[in-house]
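**Q** One structure is given below, represented as structure tokens, and several questions about it will come after.
The values are calculated or read from the model by the stated rules, or taken from the named source; none is laboratory data. None of the values given here were measured: they were computed from a predicted structure. Neighbour counts are summed over all protein chains in view; Cβ atoms, including those assigned to glycine, are modelled from backbone coordinates with ideal geometry. These area figures cover heavy atoms from the full protein model, side chains too; ligands, DNA and RNA do not enter into them. Shrake-Rupley method; radii C 1.70, N 1.55, O 1.52, S 1.80 Å.
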Amino acid sequence: MKGKITEQSIRLFEKHGFSETSVQDIVDSLGVTKGTFYYYFSSKEELLMDIHHKYINDLVENQQKILNNQEKDCKTKLTEIVFMLIGHIGEQGASAKVFFREIENLSEDHLAAIIPKRDQFRLNIEQLIREGISGGEFKSDLNASIVALGILGITNWSYQWFKPTGSMSAHEVSGIFVDMILNGIALN
């Protein structure tokens, strides 16, 4: 039931927004009581926090698997991270929208648990860029922090417009992004 509440809440938060969706809306859409909701979550914000945790934890875990592969070069790892980000948005579009759009509804305490994970994801990309610079794969004069922010800006914003059922697949969109990124930073 906890999973059903979470999934239905994601759909409602995506469609109506966190603030505009009440606990009553959630339970009515599932045909359960508020008691059922409060058995699993102490508040609507705790539910939002769970959604944020799951989304960022999945991203960090998948990113770490890519980064830990010693057989791949930095360009390949960067390509895989971009594909993973776009693919994740494609697979979990509603969760992505809630994650990026509704973070403002988390309390300071909850933000303190999410922001370090988001920062770590960004810092991992910065480190990958630095490794690519030192290994001669990327231009030596790059600002790794700005490049990482640019990559995240490009990929994270795609939750607004990317449709997995559209004319281009996640792989095709990722390929365009990676080509654009690497042709701007790859050493000739």
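**Q** Holding the Cα-Cα limit at 22 Å, pick out from 34/97; 4/97; 117/139 the pairs that are longer than that.
**A** Over 22 Å apart, Cα to Cα: 34/97; 117/139.
**Q** Sticking with this one: Take peptides 119-131, 87-99 and line them up by average Cβ neighbours within 10 Å, highest first, as a rough protection proxy.
**A** Result, highest mean first: 87-99, 119-131.
**Q** Rounded to the nearest 10 Å², what accessible area does residue 134 have for a 1.4 Å probe in the complete protein model?
**A** The value for residue 134 is about 100 Å².
**Q** Label region 82-188 by shape, choosing from rounded, prolate and oblate, from the square roots a ≥ b ≥ c of the eigenvalues of the Cα gyration tensor; if a/c is under 1.5 it is rounded, and otherwise prolate applies when a/b is larger than b/c, oblate when it is not.
**A** oblate
**Q** For the chain, what is the mean residue ellipticity at 222 nm derived from helices alone (per DSSP H run of n ≥ 4: -39500 (n - 2.57); sum divided by total residues; nearest 500 deg cm²/dmol)?
**A** Calculated at 222 nm, the ellipticity per residue is -24000 deg cm²/dmol.
**Q** Residues of region 67-94 with amide nitrogen under 16 Å from the 7 Å Cα-to-Cβ point of residue 7?
**A** Within reach of a label on residue 7, which here means backbone N under 16 Å from a point 7 Å along Cα→Cβ, region 67-94 contributes 91-94.
**Q** Still on this structure: So if I take the centroid of the Cα atoms in region 1-75 and the same for region 95-146, what is the distance between those two points in Å?
**A** Their Cα centres are 20 Å away from one another.
**Q** Let me ask something additional. Would you kindly state how much longer the chain becomes between residue 161 and residue 65 on full extension, computed as 0.36 nm times their sequence separation minus their alpha carbon distance, in nm to one decimal?
**A** Residue separation times 0.36 nm, minus the Cα-Cα distance, leaves 31.8 nm.
**Q** Label region 81-134 by shape, choosing from rounded, prolate and oblate, from the square roots a ≥ b ≥ c of the eigenvalues of the Cα gyration tensor; if a/c is under 1.5 it is rounded, and otherwise prolate applies when a/b is larger than b/c, oblate when it is not.
**A** Cα axes put region 81-134 in the oblate bin.
**Q** Can you give the extra length, in nm with one decimal, that the chain gains between residue 73 and residue 108 once fully stretched, where that is 0.36 nm per residue apart less the Cα-Cα distance?
**A** 8.8 nm
**Q** For Cα pairs less than 8 Å apart in space and 6+ apart in sequence, what is the mean separation divided by the residue count of the chain, i.e. the relative contact order in percent?
**A** 26
**Q** While we're on this one: Compute a Gaussian network model of the chain, connecting alpha carbons closer than 10 Å, and tell me which residue from 135, 35, 153 fluctuates the most.
**A** 35
**Q** Kyte-Doolittle mean at least -1.0 and Cα extent at least 27 Å along the axis: which DSSP H helices of the chain qualify?
**A** Span-like helices, by this rule, are 44-68, 108-134.
**Q** Most fluctuating residue of 166, 136, 17 in a GNM of the chain with Cα springs under 10 Å: which is it?
**A** Ranking 166, 136, 17 by mean-square fluctuation puts 166 first.
**Q** Using a 1.4 Å probe, what is the accessible area per residue for region 4-65, in Å²?
**A** Accessible area per residue, region 4-65: 50 Å².
**Q** Mind grabbing the accessible area of residue 79 for me, 1.4 Å probe, Å², rounded to tens?
**A** Roll a 1.4 Å probe over it and residue 79 shows about 50 Å².
**Q** Now a separate question. Evaluate E = 1/(1 + (r/R0)^6) for residue 131 and residue 38, where r is the Cβ-Cβ distance and R0 equals 45 Å; express this FRET efficiency to the nearest 0.05.
**A** 0.40
**Q** Which whole-number percentage describes the relative contact order of region 1-69, with Cα contacts under 8 Å and a sequence gap of 6 or more?
**A** Computed over region 1-69, the figure is 28 percent.
**Q** Here is a follow-up. With all protein chains present, how much of the accessible area of region 1-136 (probe radius 1.4 Å) comes from carbon and sulfur, to the nearest whole percent?
**A** Carbon and sulfur: 48 percent of the exposed surface of region 1-136.
**Q** Moving on. Using a Gaussian network for the chain with springs between C-alpha atoms less than 10 Å apart, which of these wobbles most: 168, 49, 84?
**A** Greatest mean-square fluctuation among the candidates belongs to 168.
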